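What follows is a single structure, written as structure tokens, with notes after it.
Read the figures in this text as sums done on the coordinates, not as results from a lab. Here the structure is a predicted model, which means the values were calculated and not measured. Neighbour counts are summed over all protein chains in view; Cβ atoms, including those assigned to glycine, are modelled from backbone coordinates with ideal geometry.
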Amino acid sequence: MVKISITVDGERHEDEVEPRLLLVHYLRERLGKVGTVVGCDTSNCGACTVHLDGNSVKACSVLAVQADGGDVTTIEGLANGEWHPVQAAFKECHGLQCGYCTPGMIMAAVDLLANNPAPSEDEIREGLEGNLCRCTGYQNIVKAVQLAAEGGAR
Amino acid sequence: MIPAQFDYVRAGSVDEAVSALAEHDEDAKVLAGGQSLIPLLRLRLAYPEVVVDVGRIAEMHGIRDDGSHLVIGAMTTHAEVITNELLRRHCGLIAEATETVADPAVRHRGTFGGSLAHADPAGDLPAVALALDAEFVIAGAGGRRTVSAADFFVDYLQTAIEPAEVLVEVRVPKLGDGWGYRYEKFQRVAQAWAIVGVAAAVRRSNGSIAEARIGLTNMGSTPIRASAVESALAGTGAGEVAAACEAAAEGTSPPSDLNGKADYRQHLARVLTRRAVTAAAGY
Ligand SMILES: Cc1cc2nc3c(=O)[nH]c(=O)nc-3n(C[C@H](O)[C@H](O)[C@H](O)COP(=O)(O)OP(=O)(O)OC[C@H]3O[C@@H](n4cnc5c(N)ncnc54)[C@H](O)[C@@H]3O)c2cc1C
Ligand code: FES
Ligand code: FES
């Protein structure tokens with residue numbers, strides 16, 4: 001077992017973990033942060049996307065021990081009393097159907113807008129290329145990110 | 001899936017990493033960004049007894065100017081490579097190819113050195129390193145040695161790095177005045193991996209190509225230096241590039257898989273080489 005100390009959604013946690021524990025399982029099973037989901041076994045789908053020290057990462061492809069000392073934001077830490085502008089835009093534009101890809105999609109979109117506050121449609125599609133959606137056909141997801149950008153999301 | 005159990009060593013220095021590896025030899029694996037290794041652990045295609053994390057070794061991070069070369073620390077992430085000014089100025093081909101690697105989240109973790117050490121022939125950076133005559137600085141129990149790109153890529157997923165060695169940094173000659181470059185990649189829309197990729201660096205003088213360096217992605221079990229087409233391109237003007245690029249697939253034996261058969265890949269290599277060279281030469 002390895003001792004780790006991680007800040008998640010503003011709260012600090014000290015824990016002992018097996019080295020093989022994936023960050024996504026640490027978040028879901030130890031901390032109960034089940035807003036972050038697992039959609040694949042191959043690091044392809046992006047459903048598990050969170051921010052680690054301010055950058056989007058696939059939480060299924062990071063060991064909890066690698067995140068030791070780090071600062072993690074999950075979909076559950078995004079709203080601050082009211083919806084984050086990207087969450088509000090997904091609701092407004094109907095940017096989801098089953099909703100399984102949505103936590104990762106929103107975390108990827110927030111990262112994209114932090115680096116590029118006024119992305120073109122192509123830049124949005126490229127910025128979200130690591131996130132797969134089996135329902136929407138992406139159209140309304142792109143619209144939601146455009147709306148959030150126009151509304152000055154971060 | 002959940003990886004098999006392993007012990008974890010977080011190395012504080014290159015020496016610490018090397019001695020941890022030496023202690024366990026074939027049963028230990030280096031962990032860099034984890035974007036290839038962790039998926040393999042999850043699928044239990046890899047099951048090392050010990051994982052040696054080199055992610056926090058300060059010496060292995062960052063890019064520095066060393067006169068004729070840029071020195072890229074093995075742990076420099078794809079995202080850092082893309083935004084680095086030195087690299088964009090002197091080795092822009094690396095930045096251009098790295099922009100096509102995977103997706104933003106994977107690029108935040110995956111590293112330049114990890115991509116080269118992993119040596120997936122479908123990976124984009126091995127062919128680029130080969131085309132640019134990069135040199136690999138490898139640390140082991142006996143000290144450090146430098147291996148040329150031509151000797152580094154040995155076979156499918158196999159490099160000159162021995163089990164108890166660590167890739168510390170990669171030295172890449174700067175492309176000086178007169179050089180142009182292009183990475184051309186053909187892929188399925190929903191998958192970042194190249195079906196075929198071509199890395200081209202071209203030096204023009206007096207209106208024709210004086211020197212061309214071409215590396216091929218996914219055209220064999222290692223990245224390939226396309227020397228036949230390099231010779232054919234020497235001295236060519238704009239009108240002669242297409243004919244010269246017919247030699248691009250010479251001597252290759254690419255894989256056949258569900259994305260394309262070998263002869264189709266050879267066709268792609270010729271077409272993409274023509275496009276890459278034309279763009280690199282500014283024709
Ligand atoms: C969804 C997805 C899409 C991808 N698409 C692409 C793509 O389009 N093109 C592309 O080129 N790549 C792609 N990749 C791979 C990505 O570029 C990885 O970052 C890269 O292959 C490995 O780098 P890493 O730092 O993550 O290495 P790790 O996964 O940590 O290590 C990979 C291997 O290299 C060894 N190793 C790593 N660093 C060292 C070192 N310093 N010394 C000795 N051995 C070392 C490890 O032991 C391991 O065997 C993709 C990955 C994913 C998950
Ligand atoms: S669960 Fe699919 S990428 Fe992480
Ligand atoms: S809304 Fe169902 S997967 Fe995207």
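Worth a mention:
- Criterion violated by A:Arg134 - all others in (1) more than 16 Å from ligand 2 (Cβ to nearest atom); (2) surrounded by fewer than 15 Cβ atoms within 10 Å (Cβ to Cβ); (3) farther than 30 Å from A:His13 by Cα satisfied: (1)
- When residues in the range A:76-123 are screened for being within 14 Å of chain B (Cβ to nearest Cβ) and within 16 Å of ligand 2 (Cβ to nearest atom), 9 of them pass.
- When A:Met105 is tested against (1) in contact (Cβ under 8 Å) with a residue 40 or more places away in the chain; (2) touching a helix residue (DSSP H, G or I) at 6+ places or on another chain (Cβ under 7 Å); (3) closer than 24 Å to B:Ala32 by Cα, just one condition goes unmet, and that condition is (3).
- Here A:Val65, A:Val38 are screened, and the one residue that is within 13 Å of chain B (Cβ to nearest Cβ) and in contact with a helix residue (DSSP H, G or I) (Cβ under 8 Å, 6 or more places away or on another chain) is A:Val38.
- Of residues in the range A:47-64 being of a type in the set (A, V, I, L, M) and either surrounded by fewer than 23 Cβ atoms within 10 Å (Cβ to Cβ) or over 19 Å from A:Pro19 (Cβ atoms) (or both), the one nearest to ligand 2 (Cβ to nearest atom): A:Ala47
- Within the range A:65-81, the set of residues being crowded, with 22+ Cβ neighbours inside 10 Å and outside any helix (DSSP H, G or I) comprises A:Val72, A:Thr74.
- With respect to the conditions (1) within 16 Å of ligand 1 (Cβ to nearest atom); (2) over 13 Å from the mean Cα position of the chain (by Cα); (3) facing chain B (nearest Cβ under 8 Å), A:Asn55 lacks only one, and its number is (2).
- Yes/no for B:Thr236 being in contact with a helix residue (DSSP H, G or I) (Cβ under 6 Å, 6 or more places away or on another chain), among the polar types (S, T, N, Q) and more than 14 Å from chain A (Cβ to nearest Cβ): yes
- Qualifying strands (runs of 3 or more DSSP E) (wholly inside the range B:105-208; at least 2 residues being in contact with a His (Cβ under 8 Å, 6 or more places away or on another chain) and either more than 16 Å from ligand 2 (Cβ to nearest atom) or free of Cβ contacts under 8 Å to residues at least 40 places away in the same chain (or both)): B:166-173
- The one condition in (1) outside any strand (DSSP E or B); (2) facing another protein chain (nearest Cβ under 9 Å) that B:Ala46 fails to fulfil: (2)
- Being within 12 Å of ligand 1 (Cβ to nearest atom) and within 23 Å of B:Gly143 (Cβ to Cβ) is a property that B:Ala32 has.
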